[in-house]
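Chemist: Can you read through this structure? Questions will come right after.
The values are calculated or read from the model by the stated rules, or taken from the named source; none is laboratory data. Given the structure is predicted, the values throughout are model-derived calculations rather than measurements. Virtual Cβ from ideal backbone geometry, glycine too; neighbours counted across all protein chains shown. Surface areas here come from the heavy atoms of the whole protein model, side chains and all, with no ligands, DNA or RNA. Shrake-Rupley method; radii C 1.70, N 1.55, O 1.52, S 1.80 Å.
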Amino acid sequence: MVGILNESDSEDELPPGWEEMTTADGNVYYVNHYTKGTQWTHPRTGRQKIVEGELPTGWEKRVADDGKVLFIDHVSQITTYTDPRLAFAMEYRGVSQPVRQRFDGRSNALAVLYGRDLRDKVAIVTGANTGIGFETARSLALHGCKVILACRDIKKGEEAIQKIQKERENVNCETLELDLSSLHSVKEAAEKFKQKYRSLHILILNAGVFAIPYELTKDGYETTFQVNHLSHFYFTLLLEHPIQNCPNSRVVVVSSESHRFSSLQTVEDFHQLTLSPPAYKYWFMGAYNNSKLCNILFAQELAKRWPSVGVFSCHPGNMVSSSLPRYSWMLRFVFMLVRPFTKSLQQAASTSIFCATAPELEGVTGVYFNNCFRCDPSTPALDSALATRLWSVSQDMIVNIMKKDKLWETLALK
């Protein structure tokens, strides 16, 4: 892991009656509307803040005759004293030691991106036509990012783009056919992308399956393992050149807190018959837990092998109301019952968006995030021997399929 993040300061909400304001040079001060007093330090944490960077697109800063700073939104035709960059205010101790942004489990993806201009970025989001993936792609697109929605069903991907276009006509989106149950489809998708683009700034591996009955993919591997891990692993390696071609590029692997319940504990557990078990050893929850541990182990190993790339794994939220439990009527019912107490899809997308775009994560890699801040995954997830073993087994499984494909191609030519 490269880089150290300071503690989260997401709990420093202002007391009632207080307001944050900024000076012309970006220093934050605090106004107490009860006493009519002001101060430079946060009334609860005792720390100071600054705001930096450009204003959001369409905003202008002016200084009034009385010295007060005004902010004008020419798009919405609004004038306010509140600096729109306050969402990205950075704390400093002493001269300037910034900590990361103040986002938590209540934050949503659009709040994380507030004020950001991503028009120079290209991103791929897998499983982007629905659920958390759609909100992730939508949030990036609404902030100017060129977003490729990598989906198995192109028609649904196009419908997703049309939904985004209804909000903003000039969004820059396109679809890419990607069937994660087929390594051949994964290879074709990567090749199509590389034919058109030389650089990839953001890769978010979001797609996944859960609670599906036992079945094998077109390649003969258990579906949960291949869709959730193996195909994403292969897709990422195929995109190495466009990813490495970008400074400060990011790879985000969407995992889950379910990884803590994985049965994979030792190097001996990481072999094909365990990762891709036969029907009599299959339990849908166990397969999902194991695949989510594989996600984090893959991110950990990738961070070591690609040190110039920011690689992160993250947990989007518990039992978020998405299409994930669509294969089980019982789980759909349970998810419906807990829906009022779980994150919205926008909130669930916030952590992967934070990992993919937060400026303060430059130089940081190999970290697991939950609720937009760093936390420790399980002990097996940090085991470098397990990560190396998974990488090796995953490569062997892909090579075996590619050899079979070449053999069939040779026989067909004859």
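Chemist: Which one is modelled with the lowest pLDDT among residues in region 128-138 that are closer than 12 Å to I161 by Cα and among the polar types (S, T, N, Q)?
Modeler: Only one residue tops the list, namely T130.
Chemist: Just the residues that are buried (at least 17 other Cβ atoms within 10 Å of the Cβ), more than 19 Å from A381 (Cβ to Cβ) and of a type in the set (S, T, Y), please, taken from region 203-262.
Modeler: Passing the criteria: T217, Y221, T223, S231, Y234, S249.
Chemist: Next question. Any idea how many residues of region 194-248 are touching a residue at least 60 places away in the same chain (Cβ under 8 Å), part of a loop (DSSP other than H, G, I, E, B) and among the charged types (D, E, K, R)?
Modeler: Final tally of qualifying residues: 1.
Chemist: Let me ask you something else. Restricting the search to region 166-183, which residues are in a helix (DSSP H, G or I) and modelled with pLDDT under 95? Don't jump to the end; show me each part of the working.
Modeler: Just the residues of region 166-183 that are in a helix (DSSP H, G or I), to begin with: 166-167, 183.
Passing the criteria: K166, E167.
Chemist: I'd like to verify a number: residues in region 67-87 that are part of a loop (DSSP other than H, G, I, E, B), of a type outside the set (K, R) and either under 23 Å from G17 (Cβ atoms) or touching a Gly at 6+ places or on another chain (Cβ under 7 Å) (or both), how many? Show your work before the answer.
Modeler: So in region 67-87, the residues part of a loop (DSSP other than H, G, I, E, B) come out as 67-68, 74-77, 81-83.
Filter once more, so that each one left must be of a type outside the set (K, R): 67, 74-77, 81-83.
Filter once more, keeping what is either under 23 Å from G17 (Cβ atoms) or touching a Gly at 6+ places or on another chain (Cβ under 7 Å) (or both): 74-75, 81-83.
Of the residues in that region, 5 qualify.
Chemist: Looking only at residues that are part of a helix (DSSP H, G or I) and within 19 Å of V186 (Cβ to Cβ) in region 141-157, which one is least open to solvent (accessible area, probe 1.4 Å)?
Modeler: Initial filter on region 141-157 (part of a helix (DSSP H, G or I)): 141-142, 154-157.
Okay, now just the ones that are also within 19 Å of V186 (Cβ to Cβ), so 154, 156-157.
Values: I154: 55, K156: 105, G157: 0 Å².
Applying the filter and picking the extreme gives G157.
Chemist: Those residues that are open to solvent by 20 Å² or more (accessible area, probe 1.4 Å), of a type outside the set (D, E, K, R), assigned to a loop (DSSP other than H, G, I, E, B) and modelled with pLDDT under 75, I need them from region 1-44; list them, please.
Modeler: Selection gives M1, G3, I4, L5, N6, S8, T23, A24.
Chemist: Let me ask something additional. Under 17 Å from A358 (Cα atoms) and either over 19 Å from the mean Cα position of the chain (by Cα) or part of a helix (DSSP H, G or I) (or both): is that true of A160 in this structure? Please lay out each step first, then the result.
Modeler: Working: under 17 Å from A358 (Cα atoms): no; either over 19 Å from the mean Cα position of the chain (by Cα) or part of a helix (DSSP H, G or I) (or both): yes.
Against the criterion (under 17 Å from A358 (Cα atoms) and either over 19 Å from the mean Cα position of the chain (by Cα) or part of a helix (DSSP H, G or I) (or both)), A160 does not qualify.
Chemist: Please count how many residues of region 193-232 are acidic (D, E) and at pLDDT below 95. Walk me through how you get there before you give the answer.
Modeler: Of region 193-232, the ones acidic (D, E) are 215, 219, 222.
In the following step, the residues that additionally are at pLDDT below 95 were identified as none.
Residues flagged as acidic (D, E) and at pLDDT below 95 within region 193-232 amount to 0.
Chemist: Could you check region 362-392 and list, in sequence order, the residues that are surrounded by fewer than 16 Cβ atoms within 10 Å (Cβ to Cβ) and outside any helix (DSSP H, G or I)?
Modeler: E362, G363, C375, D376, T379 - these are the residues of region 362-392 that are surrounded by fewer than 16 Cβ atoms within 10 Å (Cβ to Cβ) and outside any helix (DSSP H, G or I).
Chemist: For region 291-339, give me each residue that is at pLDDT 55 or above and in a loop (DSSP other than H, G, I, E, B).
Modeler: Within region 291-339, W306, P307, S308, V309, P316, G317, N318, S323, L324, R326, Y327 meet the criteria.
Chemist: Separate question: Select from region 393-406 the residues that are open to solvent by 50 Å² or more (accessible area, probe 1.4 Å) and within 25 Å of the chain's Cα centre (by Cα) and list them in ascending order.
Modeler: The one that is open to solvent by 50 Å² or more (accessible area, probe 1.4 Å) and within 25 Å of the chain's Cα centre (by Cα): Q395.
Chemist: Going by what's in this entry, would S352 be described as open to solvent by 10 Å² or more (accessible area, probe 1.4 Å) and either more than 25 Å from S185 (Cα to Cα) or touching a residue at least 24 places away in the same chain (Cβ under 8 Å) (or both)?
Modeler: Working: open to solvent by 10 Å² or more (accessible area, probe 1.4 Å): no; either more than 25 Å from S185 (Cα to Cα) or touching a residue at least 24 places away in the same chain (Cβ under 8 Å) (or both): yes.
No; evaluated as a whole, the condition is false for this residue.
Chemist: Which residue pairs have Cβ atoms closer than 8 Å, lie 6 or more positions apart in sequence or on different chains, and pair a first residue in region 113-140 that is open to solvent by less than 10 Å² (accessible area, probe 1.4 Å) with a second residue that is basic (K, R) and modelled with pLDDT of 95 or more?
Modeler: Partner pairs satisfying both residue conditions: A123/K146; L140/K121.
Chemist: Within region 266-317, can you find the residues that are under 15 Å from the mean Cα position of the chain (by Cα) and among the aliphatic types (A, V, I, L, M)?
Modeler: Hits for region 266-317 are I296, A299, V309, V311.
Chemist: If a residue has to be in contact with a strand residue (DSSP E or B) (Cβ under 7 Å, 6 or more places away or on another chain), part of a loop (DSSP other than H, G, I, E, B) and surrounded by 11 or more Cβ atoms within 10 Å (Cβ to Cβ) to count, how many in region 53-66 make the cut?
Modeler: Of the residues in region 53-66, the ones in contact with a strand residue (DSSP E or B) (Cβ under 7 Å, 6 or more places away or on another chain) are 55, 58-64.
Next, from what is left, pick out any that are part of a loop (DSSP other than H, G, I, E, B): 55, 58, 64.
Then keep just the ones that are surrounded by 11 or more Cβ atoms within 10 Å (Cβ to Cβ); that gives 55, 58.
So the count comes out to 2.
Chemist: Further question: Which members of region 233-261 meet the condition of being modelled with pLDDT under 95 and small (G, A, S)?
Modeler: Of everything in region 233-261, those that are modelled with pLDDT under 95 and small (G, A, S) turn out to be S256, S258.
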